[in-house]
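In what follows, a structure is listed as structure tokens, so that the remarks can point back to it.
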Amino acid sequence: MLAAVDTSFDEAGLFEHLEMLGHTVEAHGKRFGDVTDLQLARLPKELDDLAPRAVGQRMKDQTKLLLLHFSPMTTLSIINHMVEYKTARPRRKGLGGRRVSPAACLASSCVFQRETRSSRTGGEAIAMKRASTTLIELTEAVYDLEMEDGAWIPNLLQVGLPILDHGLGVVAIAYTRDPSAPDFTVHQKFSLLGPSDLLARLDRVLGEWPREVYRELLRPGIVSSLSDAAADHPECLQAYRKHIDGCRDVFGMTAVDPNGLGILLIAFLPEVIRLKGRERELWRMLGAHGAAGHRLRRAMVTAERTTGLPRDAEAVIDPTRLRLTDAAGLAQHKEAAKALREAAVRIDRARGKTRKTDPGAALEMWKSLTEGRWSLVDWFDNDNRRFVLALPNAPQVTDPRGLSERESLVATYAMHGDSAKLIGYRLGISKTAVSSALTRTMRKLGVKTQAQLIERFHAFER
């Protein structure tokens, strides 16, 4: 297994790193000379145009080395990164005071996009187990309320590149899919990497799709490859392969509320993939945070000021003393205050060393809500002291059936196919609390099984 890469090196250091990869390969009995000129010739013609204007023969030698680890299309993407890095400016200063440059993205790609035999035959999709700190960095970016609205989604793409980009570009679509309406509305589209006309190509792809298939793939809880999700509509994948050069499959994840407002993240893939159980689970957790962050940003614009606390929070938590310095509304209750303190501790643990030693466990610690009501975000006072704000951010559901807010939320997420574990993660409550809410809901609605409950909710929706 290759070691983690230091993302602070310059172009010369980049070549040194590639040479280090060569020594690693050699140590495992694979010689540099195993890559022949015939294999090099398999690269798309664009590589011949790139190499001479970069570093000539040296670039071609490094390309041979890259082919030991990557497919031809991914190799081409890496070469593109190396050429672009010559004139690239540093990206916006991100969380933690670091600047993310194309070289940093490339370094991450060298670690996270390494392909295996299984991936080339429909194996692992996106190596979440190698995701390192990106899982928590992306979650932090979701709750960055200092980010301007127009830059928020592009920043999510930038921060998520190490686990999203496979050399062909990534796209985010903000949309509304009203559960009770037959259509949907696209509000914004953003792209990163890939060809300059990537969004125009995507429009051509989706223009060839049946509208009802497009709508179905925008429903809550989607985490899948297109080869799996639209297996009954092979023409959808063929449209991508026709218009997106090198694309063999597409990864998609929806981060959307029950009311249909949300975001679709798309990554174009050079190979057909199958998501494994743990990968799918981690992506769904990220989707839960994405939906919560998107909802929170909308609420910050429309909510009336009522509590007088920063950002109209219902609690201000001092993370160093583990106590609430101010509270309002429901946060004044003893049990709520205890839950908020415990959640703040878990989030700080997730953002500490656990983010490096066990990224998946860190993401599990950081629930997308606390007690089904609050999102916890950082806030700094005038003396630059850090506090944690508990902001009301419960999903909005309309319930004419006499259910409590929690019962309605749990039943709605169950209707969308979420497991009890994922519902608990979304709302920040235990699996036992989820099961109890489902039992009460079934009793109130006069049904005996969860399947009957879901069918009853679908009938109400229609």
Q) Taking N as the number of residues in the range 242-377, what is its alpha-carbon radius of gyration divided by 2.2 N^0.38 Å? A) 1.30
Q: Apply the Karplus parameterisation 6.51 cos²θ - 1.76 cosθ + 1.60, with θ equal to phi minus 60°, to every residue of the range 326-333 and state each ³J(HN,Hα) to the nearest whole Hz, in sequence, with x for glycine and proline.
A: 8, 8, 8, x, 5, 5, 6, 5
(Q) Ranking request for peptides 231-243, 262-274: highest mean number of other beta-carbon atoms within 10 Å first, then the rest in descending order. (A) 262-274, 231-243
(Q) To check my understanding: the extent here is largest minus smallest coordinate of the Cα atoms along each principal axis. What are those three numbers for the range 301-351, in Å, largest first? (A) 32, 24, 15
Q | Per-selection metrics, the range 305-392 (Cα): Rg and Dmax in Å | A | 13.0, 41
Q) Residues with amide H under 5 Å of TRP374's amide H, sequence separation 5 or more or different chain, H placed in the peptide plane at 1.01 Å from N; which? A) ASN393
Q: Would you mind listing how long the range 134-297 runs along its three principal axes, going by Cα atoms, in whole Å with the largest first?
A: 41, 37, 33
Q. At q = 0.12, 0.14 Å⁻¹, what is the log10 ratio I(q)/I(0) for the range 178-253, with the Debye formula run over Cα points and no solvent?
A. -0.34, -0.47
Q.
Apply the a/c threshold of 1.5 to the C-alpha gyration tensor of the range 381-462 and tell me whether it is rounded, prolate or oblate.
A. prolate
Q.
Give me the dipole magnitude in Debye, nearest 20, for the range 134-297 about the Cα centre, with unit charges on the beta carbon: positive for Lys and Arg, negative for Asp and Glu.
A. 340
Q. Label-point separation (nm) for LYS353 and ILE454, each offset 7 Å from Cα along Cα-to-Cβ?
A. 4.3
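What translational D, rounded to a whole number of µm²/s, comes out for the range 357-426 from Stokes-Einstein when the hydrodynamic radius is the Kirkwood one over Cα pairs, at 4 °C and 1.567 mPa s? It would help to have the intermediate numbers written out before the result.
Working: Rh = 14.2 Å.
D, rounded to a whole number, is 91 µm²/s.
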Q.
I need the Kirkwood Rh of the range 149-198: take the reciprocal of the average 1/r across all distinct C-alpha pairs and report it in angstrom.
A. 12.2
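Since every read-out is calculated from the coordinates, none of them should be taken as a lab result. Quick caveat: nothing in here was measured; it's all calculated off a predicted structure. Every residue, glycine among them, receives a Cβ derived from its backbone with ideal geometry; neighbour counts consider all protein chains shown.
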